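Heads up, the thing below is written out as structure tokens.
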Amino acid sequence: MYSTSEVANILHLSRVEIFRKIKAGKIKAQKVGRNYVVPHESLAEILGETIGIHKKEEIEKSINKAFKEYGEVFKKLGRE
């Protein structure tokens with residue numbers, strides 16, 4: 001778990017901006033007392049070290065849509 005100050009230092013943003021991102025749902029955090037803490041997994045996702053579940057689902061949807069629309073073209077390109 002990271003404090004908002006630590007996250008601000010890591011991301012080179014102000015604490016106020018970190019709070020805005022938490023409230024907007026861009027950074028997943030848990031409220032502990034009067035403060036927020038950010039789990040390591042959430043910070044890793046923000047930094048691009050891992051792909052979060054939500055992003056993975058978006059990628060899968062995009063791939064499925066492409067196969068539905070261009071499946072025959074992909075097959076023809078695969079033969080060449």
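Structure notes:
- Residue check: residue 68 meets all listed conditions (1) at pLDDT 90 or above; (2) at positive phi but one, namely (2).
- The residues listed here are 45, 57, 41; of these, the one that is within 17 Å of residue 1 (Cα to Cα) and open to solvent by 90 Å² or more (accessible area, probe 1.4 Å) is 41.
- Scanning the range 67-80 for residues that are open to solvent by less than 100 Å² (accessible area, probe 1.4 Å) and either in contact with a Phe, Trp or Tyr (Cβ under 8 Å, 6 or more places away or on another chain) or among the acidic types (Asp, Glu) (or both) yields a count of 1.
- Of the candidates 25, 52, the single residue that is under 21 Å from residue 7 (Cα atoms) and either exposed (fewer than 10 other Cβ atoms within 10 Å of the Cβ) or in contact (Cβ under 8 Å) with a residue 40 or more places away in the chain (or both) is 25.
The values are calculated or read from the model by the stated rules, or taken from the named source; none is laboratory data. Owing to the predicted nature of the structure, the values given are computational and were not obtained by experimental measurement. Positions of Cβ are backbone-derived with ideal geometry, glycine not excepted, and every protein chain shown enters the neighbour counts. Accessible surface areas use protein heavy atoms only, side chains included; no ligands, DNA or RNA. Shrake-Rupley method; radii C 1.70, N 1.55, O 1.52, S 1.80 Å.
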